[in-house]
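One structure below.
The values are calculated or read from the model by the stated rules, or taken from the named source; none is laboratory data. In this text, all values refer to a predicted model and were calculated from it rather than measured experimentally. Positions of Cβ are backbone-derived with ideal geometry, glycine not excepted, and every protein chain shown enters the neighbour counts.
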C-alpha cells in the first residue's frame, strides 16, 4: 500500500543557473574526517558510515527532509524496503521505496534506525559526481553545527557547550522556522519592510528560487532577464522557470544586490509548498545552525 509522503527535493538544470541536490555513482572514500569536499563550487560532499560500513561519499543537503541512497548502495547494504511512498519534488512526483538504516555516522555523530529513500537520481548521473546518497534533515536536524565554506569544514557543536548553555559563535541570531522538516528563514525582497518571504536554507542550491505562486508580489522586486527561461527537471517530470534578477535581497544586515534568481512556475511540488522559495547557503562564508533553539548565525565569529 502506498502512502503520500511530502519528501522535499528540488532540481533545476540550466545554463548559468544550476541547482543540484544529489549525485550518483557510488564509491568508497578513505578519509573519515569532518573536512568536506566542495564540488562544482557549491555541493558539499562528506564521508558517511552506513550500518558500520564505509566511509561513503554522501551529499550534505539541508534542502531535503529525508536521507536517500542509490539502488547500488541499497544492494550493497542489503536493504529491504518496507513500503513505497510518493516522492514530491518541484519537478513532479514519483513513487520510491522506503527502507530503514541500522545506523548512520558522520564524524563523531551517529543515529540509529533512520529512514531512507531509495532513488535512481537520474538527473545527476550525467554530472559524474560520485556519491552514494544524500544526507538530509532527518539526520542533520538532530545536531548543532557550523558549515564553513571558506575552510571547507563541518564543525559539530561540542556537547559541553549545550550543557553550559554556551554558544560557540557570535553574531546576529536569525530565527528559523521548521516547515515540513526544512528550515526556513525570513528574507526581504525590496526596500520596504513589509515585503518579506520565507526561504528554505538550501545547501544544494547555487541560485535563489522564488515560487510563482507569489509572482505578483515579486514583480516589483525582480527584473526579468530578456527571453531567458530555465528548464526545471527531475525523474518525476520537468517545468519551466523564468530567469530574473532580484534588485535587493535582505536577511538581517546581509544585503545582496542584483542577485540572479529563478521564478518557478506553479505545478505539482510547488503550489502546495508553504515556503516562498530556496536560499542557497553558499551565498555566505559560513553558517551556524542551532536546531535546539531554532536560529542560525550568518557569517559567525568563533568565541575564544
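Residue-by-condition table, conditions (1) modelled with pLDDT of 90 or more; (2) touching a strand residue (DSSP E or B) at 6+ places or on another chain (Cβ under 9 Å):
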position	(1), (2)
66	yes, yes
70	yes, yes
87	no, yes
114	yes, yes
125	no, no
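Can you tell me which residue within the stretch 271-291, out of those that are touching a helix residue (DSSP H, G or I) at 6+ places or on another chain (Cβ under 7 Å) and in a loop (DSSP other than H, G, I, E, B), is modelled with the lowest pLDDT?
As a first pass, look at the stretch 271-291 and keep what is touching a helix residue (DSSP H, G or I) at 6+ places or on another chain (Cβ under 7 Å): 271, 276, 287.
Remaining after also requiring in a loop (DSSP other than H, G, I, E, B): 271, 276.
Details: 271: 65, 276: 87.
Within the stretch 271-291, the match that is modelled with the lowest pLDDT is 271.
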May I ask you to list the residues in the stretch 13-42 that are part of a strand (DSSP E or B), out of contact with any helix residue (DSSP H, G or I) (no Cβ under 9 Å at 6 or more places or on another chain) and at pLDDT below 90? 19, 28, 39
First in the stretch 279-296 and at positive phi, second anywhere and assigned to a strand (DSSP E or B) and buried (at least 20 other Cβ atoms within 10 Å of the Cβ), Cβ under 7 Å, 6 or more apart: 294/176
